[in-house]
Structure formats: C-alpha cells, structure tokens
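Reading through the structure tokens given below for one structure.
Derivation of every value follows stated rules applied to the coordinates shown; laboratory data play no part. Bear in mind that the values here come from a model prediction, so they are computed numbers and not experimental data. Every residue, glycine as well, gets a Cβ built from its backbone with ideal geometry; the counts of neighbours run over all protein chains shown.
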Amino acid sequence: MTKIHEEFFKNFTSEHTRRSYAIDLKKFFQFIHEQFPNSKKIERHQIVDYRNFLAEAGAPDGGPSAPKTIARKLAAISSYFDFLVELGEYDSNPATSIKRPRREVKKPTQALNKEQVEELFAAIESKENDSRFLHRALLITFFTTGLRKSEILNLKFKNYRVINDYHVIEFQGKGGKVGQKLLHPKAIESLGQYFFWMKEKGREHQPEDWLFQPTKNPANPKNLNKPLNPKTINEILDHYGKKIGLNFKISPHSARATFISELLDAGVDIYNVAREVNHSSVKTTQQYDKRRKQFTDSPISKLPY
C-alpha cells in the first residue's frame, strides 16, 4: 500500500469503512489494470466502463451487482479522487459527473415477525453451554436497538451508561457521528446476566474493554479481550434461524429490518422511526414498511360506490 493510500484510509474513523473502501478500491484498480494496462491517469470513460461492468457481471457469482452495491463502490472511488484532487494529484475528480443507479433494494429484506423473534430467543435459552449468555445478550441487543453490525461490533464497556436511571448505549454511527440508544428492559436484563457471567469467569469488564468478546480464541487462547469477528455474528444468527426452522437466511440486517418494521407496525410515526435508526431519508425507512403489503389497509375500500 502506498503512502497516499495509507493517508486516505486514515481519514475514516470506522474500521469497517476502511476495510470496505479498501476492498472496493482494490477491485476497481484491478479492473483498470486489466482493461487499460497502459493508462497513466484514470479518466471518466474508464470509470463509466467499470460501472457498466458492475451492472452486468460485477457480483461474486458473475451476475449483475445490486444498484445499492454499485452506488457504494462509486462513492468509494469518488471519495478517493476527491482526496487526490486535494493533494494536487488530479485537477478534477473524474467520478463526479458519473450517473449512479438508484439505490433500490434488490430484494425484500428478510425481517422476522414477533413470534419468530420470540422463538429465536427461546432457542438461545435452551442452549446448554456458557455461550448462551453472550449469544442472548448479543441477539437481544440487535433486535431491540436496530443498530448496525459495525456499530455493535465497535462498542466498548464504557459505552454502556446509566443516565438518570435510563440505561443507554453510546455508539458511533455512519460518518463518525456519536449517538445514544435507550435500552429495552429485555436488553438491560440480558446484558446484566452477560456481565455477571463474565465476572464469574474472571473476565470482569473494564471501561476500555470490548463490550461483546468471544468465548474462545483458537489462534491465541489468552487474548479474549477483542471484538467479535463479523463472520461469527452472521454464523450465530444463521445457527438459531435454522434451529427454529426458518426457511430463509437471517443476518444482522434482518434484526435491523425487524426492529424498523415492528415499530412501524406498532403505529410509530415513520419520521420518528427514521430518526431512531439514523436514516438520512424517510424513503429508506419506507422500504421496510410491511404494512404497505396489507390489502385491508388499501384506500380503495373507502370509496363510497
């Protein structure tokens, strides 16, 4: 990695963002190297060709990338060239005027209903080994806060606070913005049990410790004070999803989608829900509104004839 690349990635406070941008830029430069081997400076038409490639065959399976994925990759490229313009390496950003696809959801997000969520929690309770304390606290935090995977992964014990009898989690959201999330009683209970279990194991949390830590680390058994592996979280959710017989794969985003759709279903104003989950536009929140699919709510039934 060049010095310029290193300086660019230091601009981002989130490790998740740095990793995502690094992957996106690596794929872009591989394309440029293969398609334009003699190119000394990247031009607009080359980025357009890359966008078209993504739209036709950019997915891991060789199919088209989702519009949201293409938009994200173009955002990473544009951000990088903005940085190069600041350094004087480029006179202008070649990605600025490139049309991006509409950021639509390619397929409906797999949200769970209330009964399925309760089954999921019950399945954790039936687990016999000690990992149930971590799993329960982790999954209940996901389903009752609507936080993103990266936001939960980066939590430290000092981020759990009690303010005037309110239990809250302080988290770092997109763009480095700090937010606070009021905790549901179920989350408070499960976190308390998890903290007590950690203390009994001789691993009592200190302020700078990671909130959710692995129960084992085969590579270095003595180093357990580390954040959970992102893949581990997906595997935990998938495991319990299969255990209760779900016929679709669930992920941390399923928990976020469930949180949003259940609040909307409970009658919470969509603008309040959008603020609660830090959506920049209410249109994003509307994508999770399962009530729109209920024919009984159709205004057609109100016609007087």
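Can you tell me the length gained on complete extension of the stretch Asp165 to Asn247, counting 0.36 nm per residue apart and subtracting the Cα distance?
Working it through step by step, the gained length comes to 25.4 nm.
What are the ³J(HN,Hα) values, in whole Hz, obtained from phi via the Karplus relation 6.51 cos²θ - 1.76 cosθ + 1.60 with θ = phi - 60°, for each residue of segment 112-120 in sequence order, with x given for Gly and Pro?
Residue by residue, segment 112-120 yields 9, 8, 4, 5, 5, 5, 5, 5, 4 Hz.
Lys156's amide H: which non-local residues (gap 5+, or another chain) put their own amide H closer than 5 Å, with H modeled 1.01 Å from N in plane and none for Pro or chain starts?
Close amide H contacts, sequence-distant or interchain: Leu211.
Taking the structure as given and computing Cα extents along the principal axes in Å, which label from (1) 59, 51, 39; (2) 73, 38, 35; (3) 73, 61, 40 fits?
(3)
If we sort 256-267, 33-44 on the protection proxy, mean other Cβ atoms within 10 Å, highest first, what's the order?
256-267, 33-44
Note the full-extension length gain between Asn220 and Ser39 as 0.36 nm times their separation in residues minus their Cα-Cα distance, in nm to one decimal.
Contour length minus Cα-Cα distance gives 60.7 nm.
If each DSSP helix of 4+ residues adds -39,500 (n - 2.57) and the sum is divided by the residues in the chain, what number results at 222 nm, nearest 500 deg cm²/dmol?
-15500 deg cm²/dmol
Does segment 3-87 classify as rounded, prolate or oblate by the C-alpha gyration tensor (a ≥ b ≥ c root eigenvalues; a/c under 1.5 gives rounded; else a/b over b/c gives prolate, otherwise oblate)?
On the way: a/c = 1.98, a/b = 1.23, b/c = 1.60.
Cα axes put segment 3-87 in the oblate bin.
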